[in-house]
Amino acid sequence: MNIVVCMKQVPDTETKIRLKEGNGGIQTDGVKWIINPYCEFAVEEALRIRERNGGQGTVTLVCMGPDRAVESIRTALAMGVDKAIHLNDPLFEGSDNFGVAKILARAIQTIPHDIILCGKQAVDDDASQVPQILAEQLNIPHVMVVEKMEVDVANKKVTTSRRIEGGAKEVLEVPLPAVFGADKGMNEPRYASLPGIMKAKSKEVKKVTAADLGLKPEEIGVAAAKVKIQAYSLPPERQAGKKIEGGDPAQVAHELAKWLREEARVI
Amino acid sequence: MAGIWVYAEHKDGKLKSTAAQLLTGARTLAETLSEEVVAVLLGSGVEAMAAPLGPLGADKVLVADAQPLGQYLTEPYCHVLTTLMKERQPSIFLGPASSIGKDLFPRVAARLQTGLASDCTGIGLTENKDLKLKRPVYAGKAFIEVVISGRPAMASIRPNTLTPKPADSSKTALSEKISVSIPPEAFRVKLKEVVKGKSEKVDLTEASIIVSGGRAMQNSENYKILWDLASAFGEGATVGASRAAVDSSYASHDMQVGQTGKVVNPNLYIACGISGAIQHLAGMRTSKVIVAINKDPEAPIFQKADFGIVGDLFKLVPALIEEIKKIKAHD
């Protein structure tokens, strides 16, 4: 079983977002970079699938990002991933979801792949589009918001459960190869062990550029973006409103209910 | 190329509230662009839902009513939608950023080789009449404005973003039945089972009222009072949780509000025993009204709350349930 994990490096979720002057996006100095939390579930699931399969198969990480992404790639290798492809080229920068999926698809086409695991979304742009577009470009099925996977190696299929709305779930049977978008709760990602960290140092990280993939500058990056970013802004700060301290709960509740009804008009 | 298309989603034989919301948004665009508004209805036994779409703002309804569309599956739905769109070339396509919308529209956009902006909270047109959208990034800690110049320009809109106009019963829509033919390879993924949720409540992302509990709930049993409060509010209300509560196993993962949970947009958000970590605030800051109940007067949530109560949620929530029941009894 050949498993490919797509991973993105993102700012830590506790980051306070500040903007660069002149619409240049967000300020990145001082930002702590982490593996996108949903991608971390994908990495963990790939390792567990291989473990359940008697250690058979290869787990390859594919990560698009600048030089700083190497740190997150090494973390994944230390968790137990076998090798990595680092898609690193200034030409990739500014790609929209379609562009990113195109770059990933080209890279994945060069390696054996039965299961492609992604995070269901990256917590920076929150678009939740790349796994589906990637699957379409590879002409294989996708399943999003996945919370469970059971792999039938002999028959090359996966029985998977995905969350839909209102706490309901769908159980699907999916022929491989296919793309899966991991949700929180799928597993508890492991911490890298010390021997894992030592081992990771000698694992292969292959840097791949646009030219290596046969992609022309006009096919990727800002130039090819179908969705073009015009401006960044911060949300208006919410102002604190009324505040009541102490008092009889029944009286306070009465006041709140009255306010919700007559002033806020939400009930 | 013409037409502003709206994906009319439905559940259990009823149109979802997003249909009216999206049709209102489409009408506004249609006035500037002088194009017709077309609602698309996919499913099995859905024909009866076509007529109400006229009063809500559709000039025309395309009805793809076929037994194989009875249960949502990505690829058959993608096939039907993309075939229709290739044939009729709409200029704009709007859909809900719902469970189905988030799964389906990226694949549709990829097949049509066009641009899609997801989970948008603002919609308009540029001077060149291209579709312009505002969408939250970093779970709403920032916003981007994006423009799609290709056609069809596609966007999924976050539920409760657009305020629907009341239905105008003098308006009717022309209904057209589409013949559906889906190649067998579109059914390579098989749906084995749908496991119903515990609550059968509206999804957090579509709820109009959310009662949310944090670590101060102490255990999962105590969430019952929050469910009771949600029930008192009635249809459209549900219960959420903070990451701390989910990580302590007081609540299930699908209830988590925040950057690694769900980003919600209700009319009313009641935070009970939630201190207000950055990643939680990011997930609920666009709520129209925020109420916070917390013992700690210094909790950061109070800085964002329209109505803050410093006190014991285990006393206040039951008292509030009684008050809401009284109000509802008079309605």
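Each value in this text was obtained by applying a stated rule to the coordinates, not by laboratory testing. Model, not experiment: these values are computed from the prediction. Heads up, the Cβs are rebuilt from the backbone with ideal geometry, glycines too, and the neighbour counts pull from every protein chain shown.
Calculated mean residue ellipticity at 222 nm for chain A: -8500 deg cm²/dmol, from DSSP H runs with n ≥ 4 weighted as -39500 (n - 2.57), summed, divided by the residue count and rounded to 500.
Using Cβ point charges alone (K and R +1, D and E -1), the dipole size of region B:63-182 about the Cα centre works out to roughly 220 debye. Compute the FRET efficiency between B:Ser34 and B:Arg88 as 1/(1 + (r/R0)^6), taking r as their Cβ-Cβ distance and R0 = 25 Å, and round to the nearest 0.05. Computed FRET efficiency for B:Ser34 and B:Arg88: 0.90.
Listed by chain and number, the aspartates and glutamates whose alpha-carbon sits under 18 Å from that of A:Lys243, ignoring those within fewer than 8 places in the same chain, are A:Glu255, A:Glu262, A:Glu263, B:Asp296, B:Glu298, B:Asp306, B:Asp312.
For A:Ser128, nonlocal amide neighbours, meaning residues 5 or more places apart or on other chains whose placed amide H falls under 5 Å from its own, are A:Ala122. The DSSP beta bridges internal to chain A are antiparallel in roughly 40% of cases.
Peptides B:205-211, A:253-259 ordered by packing proxy, namely the average of other Cβ atoms within 10 Å per residue, highest first: B:205-211, A:253-259. For region A:1-75, trypsin sites (Lys or Arg not before Pro) meeting the loop criterion (DSSP other than H, G, I, E, B) and having at most 15 other Cβ atoms within 10 Å: A:Lys16, A:Arg18, A:Lys20, A:Lys32, A:Arg68. Per residue, the convex hull spanned by the Cα atoms of chain B amounts to 146 cubic angstrom. For region B:152-260, the alpha carbon positions stretch 55, 44, 27 Å along the principal axes, listed from largest to smallest. Taking label positions 7 Å along the Cα-Cβ direction at both B:Ser170 and A:Glu245, the computed distance is 5.7 nm, reported to one decimal. Taking Cα atoms only, the orientation of helix B:99-112 departs from the longest principal axis of chain B by about 30 degrees. Other residues with beta-carbon under 12 Å from the beta-carbon of B:Ile210 carry, at +1 per Lys or Arg and -1 per Asp or Glu, a net charge of +1.
Stretching the chain fully between B:Gln67 and B:Asp12 yields a gain of 18.3 nm (0.36 nm per residue, less the alpha carbon separation).
Cα axis of helix A:69-79 to longest principal axis of chain A: angle in degrees, 0 to 90, nearest 10? Tilt of helix A:69-79: around 80 degrees. Take the Cα of A:Ala223, step 7 Å toward its Cβ, do the same at A:Glu14, and the gap between the two points is 4.2 nm. Here A:Lys16 is the anchor, and the aspartates and glutamates within straight C-alpha reach of less than 14 Å, apart from those fewer than 8 places off in the same chain, are A:Asp29, A:Asp124, A:Glu237.
Per residue of peptide A:130-138, the mean number of Cβ atoms on other chains within 10 Å of the residue Cβ is 5.
Candidate cross-link partners of A:Lys201 among the lysines, defined by an alpha-carbon separation under 29 Å and a same-chain spacing of 8 or more, comprise A:Lys8, A:Lys32, A:Lys83, A:Lys120, A:Lys184. Assuming charge only on the beta carbon of Lys and Arg (+1) and of Asp and Glu (-1), the dipole of the protein assembly as shown about its Cα centre is about 460 debye to the nearest 20. Residue by residue, region A:30-36 carries 3J(HN,Hα) couplings of x, 6, 8, 9, 10, 5, 3 Hz when phi is fed to the Karplus relation 6.51 cos²θ - 1.76 cosθ + 1.60 (θ = phi - 60°); x denotes Gly or Pro. GNM remark for chain B: springs join alpha carbons under 10 Å apart, and the peak mean-square fluctuation among B:Pro52, B:Pro183, B:Pro166 falls on B:Pro183. Computed from Cα positions, the angle between helix A:37-52 and the longest principal axis of chain A comes to roughly 40 degrees.
Spacing of the modelled spin labels on B:Phe187 and A:Asn155, each 7 Å from Cα toward Cβ, amounts to 1.7 nm.
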